[in-house]
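The values are calculated or read from the model by the stated rules, or taken from the named source; none is laboratory data. Note that the structure is predicted; figures quoted are calculated from it, not measured. Glycine also receives a Cβ, built like all others from the backbone with ideal geometry; neighbour counts cover every protein chain displayed. The area values use the complete protein model at the heavy-atom level, side chains included, leaving out ligands, DNA and RNA. Shrake-Rupley method; radii C 1.70, N 1.55, O 1.52, S 1.80 Å.
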Amino acid sequence: MYPLLETVRTPDDLRRLDEAQLARLAAELRAFLIESVGRTGGHLAAGLGTVELTIALHYVFDTPHDRLVWDTGHQSYPHKILTGRREQMKNLRRKNGLAGFPRRDESPYDAFGAGHAGTAVSAALGMALAQSLESGHGDERKVIAVLGDGALTAGLSFEALNHAGDLNANLLVILNDNDMSISPNVGGMSNYLARVLSGKIYSTVRERGKRILAAVPPVQDWARRAEEHMKGMVTPGTLFEEIGFNYIGPIDGHDLPTLLTTLRNMRALKGPQFLHIVTQKGKGYQPAENDPCAYHGVAAFDIESGEPLSKAGAKPSYTQVFGDWLCDMAARDSRLVAITPAMREGSGLVKFSEAYPERYLDVGIAEQHAVTLAAGLACEGRKPVVAIYSSFLQRAYDQVIHDVALQNLPVLFAIDRAGLVGPDGPTHAGAFDLSFLRCVPNLVIMTPGDENESRAMLSTGFLHSGPAAVRYPRGGGPGAAVKPGLATLPIGKAELRRKGKKIALLAFGALLQPALAAADELNATVINMRFVKPLDVNLVLQIAATHELLVTLEDNSVMGGAGSAVAECLTQARVRTALINLGLPDRFVEHGAREELLADCGLDTEGVLRAVRAHFETQRAAQATQ
């Protein structure tokens with residue numbers, strides 16, 4: 001089915017092809033990508049848009065010697081296929097299979113790991129500077145950063161662009177503009193201008209003119225401004241020119257001859273270069289072209305129809321519970337404003353954005369801005385809700401502390417994808433939020449054990465007079481009926497779910513269900529802790545006084561997490577009841593099905609039973625030796 005693609009095992013094979021064969025290779029690569037992701041699921045639309053760009057980059061540049069850095073790494077599937085990993089795509093995002101993002105330990109062609117957006121220019125600039133410091137080798141290696149899928153909205157990207165322009169670094173930045181177009185100037189004239197502006201004649205005249213006019217500063221300044229204004233009439237690159245980049249584009253990112261010519265020309269240019277290409281997200285697959293958001297990340301699907309192979313579950317996900325609650329609370333309270341850093345669909349905000357467009361704010365991939373924006377809204381009497389993934393909240397930690405918590409502002413953080421997220425792996429796992437939030441003063445932190453409790457906690461946090469966070473996992477819960485209304489919970493109060501003897505399982509959030517299942521075999525007490533902060537100290541001490549062993553369970557790093565809060569409580573009260581803290585280990589947990597990963601970490605029912613039994617076996621062995 002893919003006779004030409006099968007001959008390309010590495011970019012060296014690609015570079016041996018005749019240029020006339022590349023269009024056919026692009027067609028085969030696109031078809032293979034659709035078939036492959038249709039079987040495994042994964043990120044599809046972004047990669048379909050980068051097929052020609054990926055071919056052109058590996059054809060023109062000497063990878064991996066030349067460094068190719070991908071931003072927002074889910075656009076890199078074609079890159080994986082062309083760099084020796086085509087056969088492994090059948091295990092994409094599965095346990096022990098290929099990662100869904102570039103990884104340095106997976107291939108020498110992956111120059112930098114990327115799961116979050118906005119990192120490519122900073123990393124590539126560091127590589128370019130490192131190369132320039134190697135005596136006698138400063139001009140040999142080329143460094144290319146590919147921004148895509150909204151990465152230019154990240155503040156980090158602009159910080160790096162500003163620095164690179166100031167340093168006059170030898171760096172090529174490519175903006176893969178897919179439906180976030182700075183300008184509609186794409187077509188024959190724009191492609192022609194790009195070839196001219198990146199060509200040797202223009203660049204030679206430009207550089208020599210700079211040297212000649214350097215002796216006459218007023219004329220030099222006039223010439224620079226004249227050039228910028230001339231470019232500005234036909235291209236949108238004035239901003240990048242002002243930063244210090246030589247801007248080329250926009251050009252059609254699916255036009256291989258133009259891409260190849262422009263990249264060859266730019267490869268010879270010195271200093272910071274910026275190439276703006278415009279691509280179509282989902283290119284070549286009609287369902288993805290029609291709805292690129294829906295095909296951004298997909299489960300396995302039927303290629304002919306585009307329909308998913310598995311039916312959606314009848315019970316609502318935690319994300320859906322949040323979306324429904326948000327609309328209900330907005331109807332009751334006109335002060336509510338919802339904020340998302342470019343995750344409308346993923347965070348369950350579609351219905352709200354349609355029903356309350358004037359109270360919906362998508363700030364782009366700018367998590368820091370999202371949190372401080374919420375703080376400003378709260379200062380003026382609004383009640384902001386920041387809907388954000390746990391791993392993305394990490395990027396706004398200073399703002400959570402300095403701008404929200406320090407001023408005790410009523411901002412609610414609805415933290416999705418808490419705990420292990422499965423196929424997306426460690427770049428997207430919400431493994432640390434309890435640990436990094438628990439030490440922040442003024443912040444109330446809640447962990448729902450089921451869907452109905454999640455709704456009640458969202459109401460509790462929203463109506464609280466200070467900052468609050470509700471963290472919930474990806475996907476569905478145990479299927480608890482979600483009651484209508486906007487009921488709240490008493491802050492800092494846990495719930496006794498099962499009364500047993502000797503052993504007490506203190507469960508935080510999603511691990512309530514394995515705790516209940518293990519308790520049936522152990523005849524153990526189960527406490528649904530609900531609140532990580534403030535902790536229900538009275539109940540913890542009461543349970544410690546009446547049980548021989550306490551076991552905490554959390555889908556968070558065991559270091560500094562909710563279990564640590566219980567340990568601190570016991571230590572401060574000088575209580576010596578035995579304690580086991582179960583949580584995520586001190587390592588990055590790899591990708592795979594969420595259930596597989598929880599079992600590997602000992603956080604399923606069998607894992608709880610093993611930990612408890614091992615404790616008592618160790619205790620008996622110690623007593624036997626006395």
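For region 284-301, give me each residue that is in contact with a helix residue (DSSP H, G or I) (Cβ under 7 Å, 6 or more places away or on another chain) and open to solvent by 40 Å² or more (accessible area, probe 1.4 Å).
G284, H296
Whether any residue in region 563-583 is crowded, with 23+ Cβ neighbours inside 10 Å and in a loop (DSSP other than H, G, I, E, B) is what I want to check.
Checking region 563-583: not a single residue is crowded, with 23+ Cβ neighbours inside 10 Å and in a loop (DSSP other than H, G, I, E, B).
Using beta carbons and a limit of 6 Å, which pairs, at least six apart or on different chains, have the first residue in region 334-345 and of a type outside the set (D, E, K, R) and the second one open to solvent by 50 Å² or more (accessible area, probe 1.4 Å) and modelled with pLDDT of 95 or more?
V337/R382; I339/L361
Working only within region 111-153, note down all residues that are closer than 17 Å to D71 by Cβ, modelled with pLDDT under 90 and part of a loop (DSSP other than H, G, I, E, B).
The answer is A114, G115, H116, A117, D149, G150.
So H591 passes all but one of these: (1) modelled with pLDDT under 95; (2) out of contact with any helix residue (DSSP H, G or I) (no Cβ under 9 Å at 6 or more places or on another chain). Which condition number does it fail?
Condition (2) is where H591 drops out.
Condition check: in contact (Cβ under 8 Å) with a residue 40 or more places away in the chain and within 25 Å of L609 (Cβ to Cβ). Does P534 satisfy that?
No.
Just give me the residues in region 584-610 being free of Cβ contacts under 8 Å to residues at least 24 places away in the same chain, outside any loop (DSSP other than H, G, I, E, B) and closer than 21 Å to L549 by Cα, in sequence order.
Hits for region 584-610 are E606, R610.
Please return the ranges of strands (runs of 3 or more DSSP E) entirely within region 469-538 where 1 or more residues are of a type in the set (G, A, S).
503-507
Of the residues T258, T279, only one is polar (S, T, N, Q) and under 25 Å from the mean Cα position of the chain (by Cα); which?
The unique qualifying residue is T279.
From the residues in region 228-253 that are open to solvent by 40 Å² or more (accessible area, probe 1.4 Å) and over 19 Å from L167 (Cβ atoms), which one is modelled with the highest pLDDT?
D252
Being part of a strand (DSSP E or B) and open to solvent by less than 30 Å² (accessible area, probe 1.4 Å) is the requirement here; does F274 meet it?
It is true that F274 is part of a strand (DSSP E or B) and open to solvent by less than 30 Å² (accessible area, probe 1.4 Å).
Going through region 317-341 one residue at a time, which ones are touching a strand residue (DSSP E or B) at 6+ places or on another chain (Cβ under 8 Å) and either assigned to a helix (DSSP H, G or I) or crowded, with 20+ Cβ neighbours inside 10 Å (or both)?
Correct list: Y318, T319, F322, L326, M329, A330, L336, V337, A338, I339, T340, P341.
Which of the numbered conditions does A314 fail, given that it passes all the others? Conditions: (1) under 20 Å from V421 (Cα atoms); (2) hydrophobic (A, V, I, L, M, F, W, C); (3) open to solvent by 30 Å² or more (accessible area, probe 1.4 Å).
(1)
Among the residues in region 374-386, are any open to solvent by less than 10 Å² (accessible area, probe 1.4 Å), of a type in the set (D, E, K, R) and not in a helix (DSSP H, G or I)?
no
I'd like the full set of residues that are part of a loop (DSSP other than H, G, I, E, B), buried (at least 22 other Cβ atoms within 10 Å of the Cβ) and under 22 Å from the mean Cα position of the chain (by Cα), limited to region 426-449.
H428, A429, A431, T447
Please pick out the residue among P316, P341, P357, P287 that is within 16 Å of E451 (Cβ to Cβ) and not acidic (D, E).
P316
Considering only region 37-67, state which residues are small (G, A, S) and modelled with pLDDT of 95 or more.
Once the filter is applied, which keeps residues that are small (G, A, S) and modelled with pLDDT of 95 or more, region 37-67 yields only A56.
I365 fails exactly one of the following numbered conditions: (1) buried (at least 20 other Cβ atoms within 10 Å of the Cβ); (2) farther than 26 Å from G477 by Cβ; (3) modelled with pLDDT of 95 or more; (4) out of contact with any strand residue (DSSP E or B) (no Cβ under 7 Å at 6 or more places or on another chain). What is the number of that condition?
Answer for I365: the failing condition is (3).
Can you tell me which residue within region 471-487, out of those that are more than 22 Å from the chain's Cα centre (by Cα) and at positive phi, is surrounded by the fewest Cβ atoms within 10 Å (Cβ to Cβ)?
G485
If you scan region 154-168, which residues turn out to be within 21 Å of I248 (Cβ to Cβ) and at pLDDT 85 or above?
S157, F158, A160, L161, N162, H163, A164, G165, D166, L167
May I ask you to list the residues in region 94-106 that are open to solvent by 30 Å² or more (accessible area, probe 1.4 Å) and in contact with a Ser or Thr (Cβ under 8 Å, 6 or more places away or on another chain)?
Scanning region 94-106 gives a single hit, R94.
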